[in-house]
Structures are given as structure tokens and as C-alpha cells.
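The values are calculated or read from the model by the stated rules, or taken from the named source; none is laboratory data. None of these values were measured; they are calculated from a predicted model. Cβ sites come from the backbone with ideal geometry, for glycine too, and all protein chains shown count toward neighbours. In case anyone asks, the SASA skips ligands and DNA or RNA and just uses the protein heavy atoms, side chains included. Shrake-Rupley method; radii C 1.70, N 1.55, O 1.52, S 1.80 Å.
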Amino acid sequence: MPVLLPAAERLLRSAMRERASGARALQLTPAHGAALLVAFVLGCGIAQAQARSYDPSILATIWKWTPLLARGFAFNLAISFIAMAIGTVAGFFLGFAQISLFPAVKRGAWFTMHFFRNAPWLVLLFYCMFLLPFQVTVFGVTIPIPDWTKATLGLALPVMANVSEIVRGAIQSIPTTQWEAAASLAFNRRQTQWMIIFPQCIKRMLPPWMNLYAILTMSTVLASIVGVNEMMTLTQRALSAENRPGLLLAFYSYVLLWFFVYCYPIARWTVRLEARYAVRQ
Amino acid sequence: MQPVWDWFRWLYGATGINLTVFYDPFDRARFASGFVMTVELSAVCIVLSIVIGVLGAWIQGSRLRVARTVVHWYIQAFRNTPPLVQLYFFYFGLGGLLRGVGGSGPVVSNVTWAIVSLSFFAGAFNVEIFRSGIEAVPRTTVEAAESLGFSRMQTYLRIVFPLAFRISLPALNNNLVNLVKTTTLAYAIAVPEMLYVSSQVWSDELNVPEMMNVLLICYFLLVGILVYVMHRWERALRVPGFGI
Amino acid sequence: MPEATAEPIVVVDDVHQSFGEVEVLKGVSFTVAKGGVVCIIGPSGSGKSTLLRCINGLVPIQRGSIRVANFDVHMLGSDKEKIALRKEVSMVFQQYNLFPHKTALQNVMMAPMHVLKENPGEVRERAIALLTKVGLAAKQDAYPGELSGGQQQRVAIARSLAMRPEVMLFDEVTAALDPETVKEVLNTIRGLAQEGMTCILVTHEMRFAREIADEVHFTDGGRIVESGPPAELFDRPQMDRTRAFLSQVL
């Protein structure tokens, strides 16, 4: 009889995984979608009950705003794609810098990673929003930098820090004997990293990376705080334009449903990949 | 402290780096109150979320099916929606309803709503963490304690809880560190915490870059210290012979 | 101590190696003639594996000298020089250490293609020939995870041979294997030795060592306690410690 049950190990393992990827694991199930749907129907009911005689029906109201909200959602997605792309590329370099043989590079990368992981996402968002210029002039050509690009960069920073930890963790999870075997076959360090170690890491990195992406997508609503016209901002605008009591639950559950429909397959796939990897172990 | 403040005034004159939060008494007091608010918010939410976690874990172990289901749905709802949406839900949704009932003025302040919302957010994770921690203590250990004459309460207080807590600590720490970072969201409902007062300072003094850096460093230190202390604590409490 | 007549290709002289505070090797000396087969035996923790790693330049030594072919291993500073050495000396590990994301054939082909920059077509031919030689031609497209321990170890040997090394180092290559698969690996090594490959083996297979070795070194506590041709060392050990060890394992 072991002193502690498998539950203890599971908990510790998930805590360590969380620490490694910097993001908690999303656990989305169809039941969540069903619950959101119920909340939405309930919200519609409340709104209908509180409607004044001259108000249009709640569904008509939501339908009216849907194209605008969809445009906002497209913005959320665009921000998430670009932030993820930038954060991933930068994170890769930072991750490899963290295992560099040059102490200065290693320490610098370690500090950078900690700095951006410890800073709240919202503060980083503000940082980029306010400190990046609204336009740059290169060779006499003035290029405007719209707000949403700045927000994207602001979100890419924590993504970078988290990706770098995912990369470092995955590299260090490869047994040192693989490095030794490669060395004894006369591979140099660069070749070993890129041809032997890194390809083995990809499978391990994919689940936490996808989880991070789902978290990032949900975090794009933070951009509403700094005034980017994404879905949450537009929802608030729609609500104030309607100026009707009781619309709140219907609208917010509607927004959440959109996010659920988008994130659910990703979360599901992540869990599947993780399970497959765990079996292979 | 006066020479330090004077040095920052001199710095402004000499380099243009305008750190009003150091040399201007009014800004200094403002920023300090924001810092204190962030720390208070974090501390209160940490305590409340732990209380929620313990209660929730206890209910989940109870025989009342209805109560278990309620807790289950609470966890599911709060761990899978963005905390910002939760905050809006409490402040605008519930707060709005209460306002509708109570008349003109807000019945519950925005600070309270932030505390309630953030505590429930982190609490949802804590319930799961504590429950797993309790599950990890084998039934035979409990039986051994009972056969040694411990009462049910004593068994919980002296055996199950200390063990479960040690097992839960790493996951709990992750969650609490995350909670402290999430307190910045209170900005969205105008709670005067560090981010909010900083934005007030920079819009009055037009020193955005300086304030941004002060803010970033403050959070880095705050969270960094928390992480460090928690990890030390974790190491001190680690169950020997158990770990990955 | 009988000296090999041919010119030595490996000369280990008074090697000291410490891992932190612990001195693992305390002055080890021996030579290996070209085409010779040397077995190193001894209790675990006596520094046998470390010695092989020193010869391959995987761990640095603090004192003494190691000369392999034309390389002064103890002087090799840069990675480039170490890589040049490892083209001549190849090592097979206890845990095989195949690259799990590559097939058996790819494992064999990788180093010649990317380190020696040889023509992929030729490398492929040679790799298939090597896999055939170790009896695994049919498994060339299998991934390491799909192979038994003995099969993996034979792929690892083929992978090392693909570099056309002058010297092969075997680090307890059968220690992690099931008894049934040990034989197939030993047969492969025997074949190599008969072809004239210079081999240094760390092994616990005493019978095999006795059969194959030109010279056996018994190590204990970081030193070579006794050396000699297998017939002498196994049948008429001179030292008490050797006798004690042999009586335990034989």
C-alpha cells in the first residue's frame, strides 16, 4: 500500500505542468456548452419578460447586432492568431536562449522569462498600448500603428514568456543520454539541438501550446479594457445603445457561446493529444 | 526619506525622468494607496478563496446530492469562463439587479464586487485542489487514526488536513499567484488599485513611460516575492519521499 | 603484463578523473593495439563507464593523458576537435539511446549524412548493408519503440559502425537486455572483433570476455588492479581482490 494515493501524484503532476506552461488547463465539455445555451435561453426569457410593449423581440435584437459582434469576434481571432505567432517565434528563441551555454545569455533569458511571466497580462497590455507610438516614420513613409496591433503585441509578450518555458521544459524532459548519444556520433551542439532534441520535443510541446492558445483567445477580451473594438467592447456598446434592462444575461451568454464554440474543439483536441502522449510514455 | 524624494526631483530636472510618485506628496500618497489596495485585495481574496475552497471540498465530500451538484456547477462555470466576464457579471449583472431593487445608489461597492468576484474565481480552483488533496490521503490512514482512538474531528484536523494541505500546496500556490495577477482586472470596474491609480497619475502628470515602468517593476517585485516565498514554503513542507 | 605486438591505437596513461569531490579514476593506464579487443571488468562503481566516456571525450579528465589514433583526447579544447575525435571513436551505450523519432534506418543514416556530409544514396546503401549485417534488414522502417531491447542495441551498433570508426567502445551493452536477446548482441560484437575492429568493452559477461578478449583489465576503486590475457586472469588471478570478485560473479 503506498503512503499516498495516485490522486496526490496527479495533483502534483498537474501543478507542475501548469507551472511549466504558465497557463491552467482548460477543461471544456459539451455540458458547458449546454449550460451556456440554457443561460442564453433564460436570459432571452428575462429580457422578453422585461420588454416594454414597443420593444422588438429579443431574438430580433440579437440578430440585429450579430453582424457587428461577428466583426468584433473576427478581431479577437486576428489578435489571437498574430499574438500567438509572434509569441511562439519569440518564445522559441527565448527558450533556446534559456539553455544556452553562455551564462550571460542564459541568465538574461531566464530573467526576461520571469519578468514577463510575473507581470499581469493587463499591465503588459497597457504597457504596449501607451508606450508604442501611434505611427512610425521609416524613410519618410509614415506607417500608422492601430490600437489593435499594439494590443496584439501586448498579448504576445506573456505568450512569448510562456512558450519559452514550454520549450525549455520540453527540451529538459529529453533524457541527457540523447545528448550524449548524439555527441558520441560527432554531432555538434547545433545539429544535436535541431535534429535530435527538438523534433522529439514537438509532441510534448503541442498540448500545452494549444492550451495556451485557447487561454490566449479567451484573454483577447482584455483588449476591451484598452478600447480595442473587439467583441466585448462592441457588446457593451450594443447594450448601451439598446438601453434596455434585462438584456445583459442574454448578450453576455451569447458572447460566451461564441467563444465556447471556438475554444471547445481546441480544448478537446488538446486533451486527446495529451492522452495519446501519456499512453505512449 | 526627504533626501530620496529630493533626489527624484533633481532627477526630473536633470534628465526629464518625471517620477512624481516619489517626490510629489500627493501622487506618492495616491500611488501608495493603490499599492496597499492591491495588496489588500490580494490578501482578502486569498483568504476568502481558501475558505471557499475548504467549504466546497467539504460539501463535495458530503452526502447531500443537491449541494454536491451545486458546487460542481459552480466549479465548472468559474474555471472555464474569462474572469473579466465574471467580474462584469457580478458588477453589472448582479450589481445592476440589486440597484434595481434597492433604489438609486449602489448597495454594494465596486471594491466588494471585485473581492466577491475574484474570490469566487480563485475559490473554484481551490475546491478542486483541496478535494484532490483529501482524496490523496488513503482510507487506510484514516482508519489507522480512528483505530488509535482519534475522533472523526481529530482525524481530520491532525491527519487528513495537514497531509492534504501539503499535497495541495504546489497547485494552491500556482492558483494564488495567478489570483494576485488577476486583481488588475478590478481596474475595469474602477477599483482604485495599483493599475488604476497609476492611470490616474499618468493622465494628470503626462508621465506615461515612467509610470508604466514603475508599475511593471512593482508587479514584478510583488509577484516575484510571492512566488519566492511560496516556493520556499513548499520546499519546507514537502512530504519526504514523495515528489516528481 | 603481455604487451600487444602491433602499434597501439589507444594509449591511456595515468588518467585521473573527479566528479565534484569524488575521485572516480585514480590513475588508470593501459594500451590497446590496433585490431585488439580489450575487456574491462570490475564491480559497479569502479569507474569503468567513466573511463569509456573519457576516451570518447564526453567527460574531461583532470590529470594524465589519453591518446586515440592521432588525437590527444585530454588536450581537445574546442567542440570541433572533439567532433573530429568522435568520427574515429564511436560508443554504444547501455541504454541504446536510439533517437526515438527516427526509424532504424534513419538512425543509422543520420550521422554520416549530417556529420560526415556524405552522399545520401551511398549512406543509404551502407546503412542497409549494416542493418543486414546485424540481422535487422527487415526492421529498417521500424521505430525504436517498436523494437525489442536486443534489436535496438543492434541498431545502435550499426549506427556507430556507420561512422566507420577506428575504435568502438561498448558500455555494458547487454546489461539492460533480456537474457534471450543478449546472445544476438554478443554475436554481433563477436563478428566485429573477428573482422579486426578495435574494441574496448565494459562488460559483466565474463564468459564472453574470456572468449573474445585479447586482454582483460580488472578495475576496482578507480584503479586497474590486475591485467592479463583472459586465460591467465580468469584461471590464475594473482590478486585477492580479483579472486574475490571472480568468485562472486563466476
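Scanning segment C:137-163 for residues that are touching an Asp or Glu at 6+ places or on another chain (Cβ under 9 Å) and either more than 13 Å from chain A (Cβ to nearest Cβ) or on the phi > 0 side of the Ramachandran plot (or both) yields a count of 6. The criterion of at least 2 residues that are open to solvent by 40 Å² or more (accessible area, probe 1.4 Å) is met by the following strands (runs of 3 or more DSSP E) wholly inside segment C:21-68: C:22-33, C:63-68.
Please tell me if C:PHE218 is farther than 25 Å from C:LEU85 by Cα, of a type in the set (A, V, I, L, M, F, W, C) and either buried (at least 21 other Cβ atoms within 10 Å of the Cβ) or modelled with pLDDT of 90 or more (or both).
Yes: the conditions hold for C:PHE218.
No other residue among C:GLU226, C:GLU232, C:GLU211 is assigned to a strand (DSSP E or B), without any contact (Cβ under 8 Å) to a residue 24 or more places away in the chain and either over 14 Å from the mean Cα position of the chain (by Cα) or more than 15 Å from C:VAL37 (Cα to Cα) (or both) apart from C:GLU226. State whether one or more residues within segment B:187-200 are more than 22 Å from the chain's Cα centre (by Cα), surrounded by fewer than 19 Cβ atoms within 10 Å (Cβ to Cβ) and more than 9 Å from every other protein chain (Cβ to nearest Cβ). Among the residues of segment B:187-200, at least one is more than 22 Å from the chain's Cα centre (by Cα), surrounded by fewer than 19 Cβ atoms within 10 Å (Cβ to Cβ) and more than 9 Å from every other protein chain (Cβ to nearest Cβ), which makes the answer yes.
Scanning segment A:26-58 for residues that are aromatic (Phe, Trp, Tyr) and not in a loop (DSSP other than H, G, I, E, B) yields one hit, A:PHE40. Among the residues making up segment B:39-75, those that are free of Cβ contacts under 8 Å to residues at least 60 places away in the same chain, part of a loop (DSSP other than H, G, I, E, B) and open to solvent by 40 Å² or more (accessible area, probe 1.4 Å) are B:ARG63, B:LEU64.
For the residues C:ALA244, C:ALA193, the requirement of being of a type in the set (Gly, Ala, Ser) and open to solvent by 30 Å² or more (accessible area, probe 1.4 Å) singles out C:ALA244. There is at least one residue in segment A:230-244 that is modelled with pLDDT under 85, charged (D, E, K, R) and not in a helix (DSSP H, G or I). Pairs please, first residue from segment C:32-56 and within 14 Å of chain A (Cβ to nearest Cβ), second anywhere and of a type in the set (S, T, N, Q) and outside any loop (DSSP other than H, G, I, E, B), Cβ atoms under 7 Å, 6+ apart in sequence or on different chains. What qualifies is C:THR50/C:GLN17; C:CYS54/C:GLN17; C:ASN56/A:SER184. Restricting attention to segment C:78-101, which residues are assigned to a loop (DSSP other than H, G, I, E, B) and open to solvent by 50 Å² or more (accessible area, probe 1.4 Å)? Scanning segment C:78-101 gives C:SER78, C:GLN94, C:GLN95, C:PRO100.
Residues of segment A:212-261 being of a type in the set (Val, Ile, Thr) and open to solvent by 10 Å² or more (accessible area, probe 1.4 Å), which ones? Scanning segment A:212-261 gives A:ILE215, A:ILE225, A:VAL226, A:THR233, A:VAL261.
For segment C:235-250, a residue qualifies if it is without any contact (Cβ under 8 Å) to a residue 40 or more places away in the chain and part of a loop (DSSP other than H, G, I, E, B), and the qualifying residues are C:ARG236, C:PRO237, C:GLN238, C:MET239.
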